[in-house]
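The values are calculated or read from the model by the stated rules, or taken from the named source; none is laboratory data. Please read all numbers here as calculations on a predicted model, not as lab measurements. FYI the Cβ positions are ideal-geometry reconstructions off the backbone, even for glycines, and counts take in every protein chain you see. Calculation scope for accessible area: heavy atoms of the full protein, side chains included, ligands and nucleic acids excluded. Shrake-Rupley method; radii C 1.70, N 1.55, O 1.52, S 1.80 Å.
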Amino acid sequence: MGDLRYVSSKTIAKIIKSNLLDIKTVYTPNDIIRDMRNDYSIKLDYWKAWKCREIALELLRGKPENSFGLHRDIFTCGWRHNMPIMVVDGIFLKGPYGGTLFSASILNAAGKIFPLAFSITDSENDASWNWFFRQIKTIFGVREGMCIISDRHQSIKNAIESVFAGEVQHDICLYHLLSNVKSRFKRDQKSIKDMFKAAARAYTKEEFNTHMTELSNINPRVTAYLKEAGFERWAVSHSVNKRYNIMTSNIAESFIAAVNRARELPVTMLMEYLRSLVGSSDDDIYTVTENGDSSTVNIKEKNLYM
C-alpha cells in the first residue's frame, strides 16, 4: 500500500529475536520501531512493537506458564565433606509470575562457594521456608556443629525453629545486624560501626565485654538492642558452635549476585542455568571475600540460551 508496508507481529518477532539472546541487552519497543523503520521501511506504533518483543521472547524462552510445569528443585552432593556452616537467602524473580529463588550455600575446602540447594517458591513466608528446610533436613540431615546463617527475616527464624527444633544453631549475618543497628541509631552510627565489629569478632568474653561497655557509653540502647538479638547468634565469644570466621551471609548473596541477570528467565531456563553453574569446572566457580561489609565475586559469563 504505497509506502505503508504491513508485516505480521510474528514475522517481526522472528527478525528481532536475535537482539534479545543476551539477557543483559536492553532492547526496547522504541528500538524496535527505529530498526524496523530504518532497515525495512516499516512503520510501527509503540504497542505493536511491544507485542512483537513479547512474541520474540516467547519464541526464545517458551511460555512462562508452561515452564512452571517442568520446574524441578535442585539439590547437590558435597555437604558431608565441607564445613557445617550453611548460608541461606532468598531473592525475588522478575518474570511475569514473580516468585522467589531460595538458595543454600557453603564454602568448600578451597574457599569457593559450593551451592547446596536452590528452589523457587511463591514468596518469603513461613510456609515456603518451612518447606525448603524440610527438604534440606531430609536430604542432608543434621551434622554435629551445624550452623545456619541468614539475614534477620522472621520467616527464616520461624522455619528453622520449627523444622530443626534446636538441633542446629541459627546465627545472624553481621552485616545485616549492623545495618539494622545503624538504621535505628543513625545519630551514633559512625561511632558504633568499629566497636560493633570488634565486639563481634572478640575471642574472649572479657574482650567482648570491654567493647560492649564502650558501646554502652555511646548509647546504652544499642547494647540493649544487641542483647535482645542474642549474643550467641552474632558474637564469636558467645557462639555455641564454631563459625569458622564465616560471619556474614556473603556466600549466599554472592551466589545470588552471580545469577542476578537470569532472574527474568522462565523458571526451567533459570534452573538449567543454575545447574550449569554448579557443574562448572574449578576455574569457573566463583569466589567470595569475607570481610564483614561486602563480597567479591569472580565468575565467567555463561550462555543463558543453552
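A few points about this structure:
- Inter-residue pairs, beta-carbon under 8 Å, first touching a residue at least 24 places away in the same chain (Cβ under 8 Å) and closer than 16 Å to Pro220 by Cβ and in the range 180-205, second of a type in the set (Phe, Trp, Tyr) and open to solvent by 70 Å² or more (accessible area, probe 1.4 Å), 6+ apart: none
- Residues that are within 27 Å of the chain's Cα centre (by Cα) and β-branched (Val, Ile, Thr) were ranked within the range 6-27; the one that is most open to solvent (accessible area, probe 1.4 Å) is Val26.
- Meets criteria (over 22 Å from Arg261 (Cβ atoms), at pLDDT below 90 and either over 24 Å from the mean Cα position of the chain (by Cα) or not in a helix (DSSP H, G or I) (or both)) for Ile42: yes
- Within the range 253-265, residues that are within 16 Å of Val87 (Cα to Cα) reach partners that are open to solvent by 10 Å² or more (accessible area, probe 1.4 Å) and assigned to a loop (DSSP other than H, G, I, E, B) with beta carbons closer than 7 Å, at six or more positions or on different chains, in the pairs Glu253/Ser295; Ser254/Val288; Ser254/Ser295; Ser254/Val297; Ala257/Val297; Ala258/Val297; Ala258/Ile299.
- Single match in Leu174, Leu265 (criterion: crowded, with 21+ Cβ neighbours inside 10 Å and farther than 27 Å from Glu144 by Cβ): Leu265
- In the range 238-257 there is no residue matching the filter, namely being assigned to a helix (DSSP H, G or I) and open to solvent by 70 Å² or more (accessible area, probe 1.4 Å).
- Residues of the range 104-159 classified as in contact with a His (Cβ under 7 Å, 6 or more places away or on another chain) and open to solvent by 40 Å² or more (accessible area, probe 1.4 Å), total: 3
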